[in-house]
1. Residue 119: buried (at least 20 other Cβ atoms within 10 Å of the Cβ) and of a type outside the set (Lys, Arg), yes or no?
2. Could you run through the stretch 152-181 and say how many residues are closer than 19 Å to residue 123 by Cα, modelled with pLDDT of 95 or more and in a helix (DSSP H, G or I)?
3. For the stretch 21-33, how many residues meet the condition of being closer than 17 Å to residue 124 by Cα and either of a type outside the set (A, V, I, L, M, F, W, C) or open to solvent by 30 Å² or more (accessible area, probe 1.4 Å) (or both)?
4. Can you work out which of the residues in the stretch 327-350 that are touching a Leu at 6+ places or on another chain (Cβ under 8 Å) and outside any helix (DSSP H, G or I) is surrounded by the most Cβ atoms within 10 Å (Cβ to Cβ)?
5. With the checklist (1) assigned to a helix (DSSP H, G or I); (2) among the aliphatic types (A, V, I, L, M); (3) open to solvent by 20 Å² or more (accessible area, probe 1.4 Å) in hand, flag the one item residue 107 doesn't pass.
6. Across the stretch 12-36, what is the total count of residues that are of a type in the set (A, V, I, L, M) and assigned to a loop (DSSP other than H, G, I, E, B)?
7. Can you pull out the strands (runs of 3 or more DSSP E) entirely within the stretch 190-263 that have at least 3 residues that are among the small types (Gly, Ala, Ser) and on the phi < 0 side of the Ramachandran plot?
8. Quick one: in the stretch 125-161, of everything that is among the β-branched types (Val, Ile, Thr) and under 18 Å from residue 363 (Cα atoms), which residue is surrounded by the most Cβ atoms within 10 Å (Cβ to Cβ)?
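The values are calculated or read from the model by the stated rules, or taken from the named source; none is laboratory data. From a predicted model like this one, the values you see are computed outputs, not experimental measurements. Virtual Cβ from ideal backbone geometry, glycine too; neighbours counted across all protein chains shown. What goes into the accessible areas is simple: the full protein's heavy atoms, side chains included, and nothing from ligands, DNA or RNA. Shrake-Rupley method; radii C 1.70, N 1.55, O 1.52, S 1.80 Å.
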Amino acid sequence: MSSSTTHPTTVLHDIHQRQRADGPAAILAIGTAYPAANCVQQEEFADWYFRVTRSDHLAELKAKTKKICEKSGIKKRHFHHTEEFIAGHPELIDLSQPSLTTRLGIAADAGPALAAAAASRAIADWGRPAADVTHLVVSTNSGGREPGADLRLAGLLGLRPGVRRTLLCLHGCSAGLVALRVAKDIAENNRGARVLVACAQATAMLFGAPGRLPLDLVVAMSLFGDGAGAAILGADPEDDDPAERPIFHLVSASQATVPGTERAVVMSLSETGIVNSQSRLSVEVPRLVRGAIERCLADALEPLGLPAAGSDGGGRNWNGLFWAVHPGGRAILDTYEAALGLEPRKLAASRHVLSEYGNMMGATVIFVLDEIRRRRCRRQDGADEDEEDCEWGVMTGLGPGLTIETIVLHAAGSWGEI
């Protein structure tokens with residue numbers, strides 16, 4: 001080989017470097033959606049739920065459900081499935097009848113429609129045409145078909161035929177963080193990539209009559225709502241598009257499974273289409289979070305050397321960060337607050353989203369990010385001087401396993417800030 005010939009390793013390295021982005025991934029736009037036409041007030045949910053499932057005779061369980069709703073921290077939720085729809089599909093209530101086809105049909109319609117509404121708002125927020133999206137990551141706990149929600153969504157949005165699609169299913173409440181983690185890797189390893197993330201939830205997949213469900217699923221029915229969240233990510237600016245600016249940089253992403261908790265949160269599709277949780281969610285998960293969350297977060301932040309994540313001499317001080325915690329339920333948020341010694345305002349955005357929409361699984365954390373953005377904008381405009389303005393933050397959520405997803409965030413206003 002001639003001495004002037006470039007070594008193959010050098011060529012591969014140069015090609016690889018040219019393919020990679022120059023900066024960290026950032027969220028450039030956010031959009032959310034929910035079925036506004038069907039809103040159920042939480043104080044009325046038990047009456048509604050037991051009526052539509054023909055279960056009013058279960059007076060003791062109904063009274064217990066009302067107490068759960070009273071303590072949930074939720075004001076209202078939105079559902080794709082209406083009382084009229086449920087009345088026309090008795091198989092959703094009678095678990096002796098097969099209902100998988102019906103449920104998958106609901107999910108195939110509701111999921112992409114909600115995701116398209118959220119994604120359209122994110123694209124409008126972004127300010128560039130949908131055809132500029134290069135990659136699509138769709139996450140849902142409400143599907144089981146192929147071609148799936150990703151292809152349907154691409155068609156609804158008019159994305160170009162060459163868009164590269166990834167479909168994620170059954171990641172539970174951590175689905176939004178998993179999708180953003182995957183999108184971060186795509187954006188940082190593909191120069192010029194613009195990744196659309198869409199997460200959609202349709203609770204019809206786990207809907208059933210309370211007398212035929214384990215108590216933990218009755219609790220779940222009192223928490224979950226339908227909705228979709230979308231975000232657009234990129235890892236380098238367009239020189240000819242000065243209007244494109246990041247909202248949050250995604251600095252690092254990590255995942256940790258708490259040892260010995262493989263059956264703490266279990267999700268599966270049964271013959272009746274129910275997404276089963278085979279755990280004592282209301283008791284066991286908060287206990288597991290309390291024992292593991294600080295160590296998991298420390299492992300995620302310590303390698304970055306962030307001052308906000310340091311110790312104050314008497315223990316770790318987590319109040320120097322802003323927090324985008326997936327609001328799996330009031331008990332989960334209370335556990336984070338107590339375990340980390342967080343000031344009440346630190347989880348204000350998460351509690352607000354839980355109150356207004358309930359737990360929409362993967363979509364919920366995107367609602368939280370949007371709420372944090374709104375609050376920061378109010379402060380910058382001088383409308384709310386009491387709102388915090390921490391530069392660094394943490395987004396975290398729980399998934400089957402028990403798995404803790406963590407993404408370190410940097411709140412930014414321009415590409416040159418880090």
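1. It is true that residue 119 is buried (at least 20 other Cβ atoms within 10 Å of the Cβ) and of a type outside the set (Lys, Arg).
2. Residues flagged as closer than 19 Å to residue 123 by Cα, modelled with pLDDT of 95 or more and in a helix (DSSP H, G or I) within the stretch 152-181 amount to 8.
3. Result for the stretch 21-33: 2.
4. It comes out as 327.
5. Unmet for residue 107, out of (1) assigned to a helix (DSSP H, G or I); (2) among the aliphatic types (A, V, I, L, M); (3) open to solvent by 20 Å² or more (accessible area, probe 1.4 Å): (3).
6. 3
7. 227-234, 248-257
8. Among those residues, the one meeting the criterion is 140.
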